[in-house]
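Following: one structure in structure tokens, then a few remarks.
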Amino acid sequence: MVMLRSIFELIPNTWEIQFASQEVAHADFDATFVKYDQKKFGAITVFGNSWYIGTKLTDSEFENDLSTFLTEENIPTTAYSMNKTTIGKHWMPY
């Protein structure tokens, strides 16, 4: 029997990690990109004052794991906000 993967396993959810300014977002990215695990968290794009991450982790896994990673990199939770975007949402029935 051939098992087909669900489209919902293939389309990542996109999260916006917003910082106080463009300078802060880019400086924090530069300071953390060496240790950032793209295979775990997903592809990242830095634009303006935000990071955009396309992840296949569950919402709770992503929020917890990324917060832990940023805290380990000396970026306090008060320095950013984390919001799930609607990019790719039209693929999801929920």
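Answer yes or no: is there a residue in region 56-78 that is modelled with pLDDT of 95 or more, assigned to a loop (DSSP other than H, G, I, E, B) and of a type in the set (Asp, Glu). Yes, there is a match, as at least one residue in region 56-78 is modelled with pLDDT of 95 or more, assigned to a loop (DSSP other than H, G, I, E, B) and of a type in the set (Asp, Glu).
The set of residues in region 52-73 that are under 15 Å from Thr85 (Cβ atoms) and either surrounded by fewer than 14 Cβ atoms within 10 Å (Cβ to Cβ) or touching a Ser or Thr at 6+ places or on another chain (Cβ under 9 Å) (or both) comprises Tyr52, Ile53, Gly54, Thr55, Asp59, Phe62, Leu66.
Within region 74-88, the set of residues being out of contact with any Phe, Trp or Tyr (no Cβ under 6 Å at 6 or more places or on another chain) and either open to solvent by 50 Å² or more (accessible area, probe 1.4 Å) or charged (D, E, K, R) (or both) comprises Asn74, Pro76, Thr77, Thr78, Asn83, Thr86, Ile87. Could you list all residues from region 19-49 that are under 10 Å from the mean Cα position of the chain (by Cα) and buried (at least 16 other Cβ atoms within 10 Å of the Cβ)? Listed by number, the residues that qualify are Phe41, Gly42, Ile44. Selection of region 1-33 for residues being of a type in the set (A, V, I, L, M) and modelled with pLDDT of 95 or more yields Ile17, Ala20, Val24, Ala25, Ala27, Ala31.
The values are calculated or read from the model by the stated rules, or taken from the named source; none is laboratory data. Quantities reported herein were computed from a predicted structural model and do not represent experimental measurements. Positions of Cβ are backbone-derived with ideal geometry, glycine not excepted, and every protein chain shown enters the neighbour counts. For accessibility, only protein heavy atoms count, side chains too; no ligands or nucleic acids. Shrake-Rupley method; radii C 1.70, N 1.55, O 1.52, S 1.80 Å.
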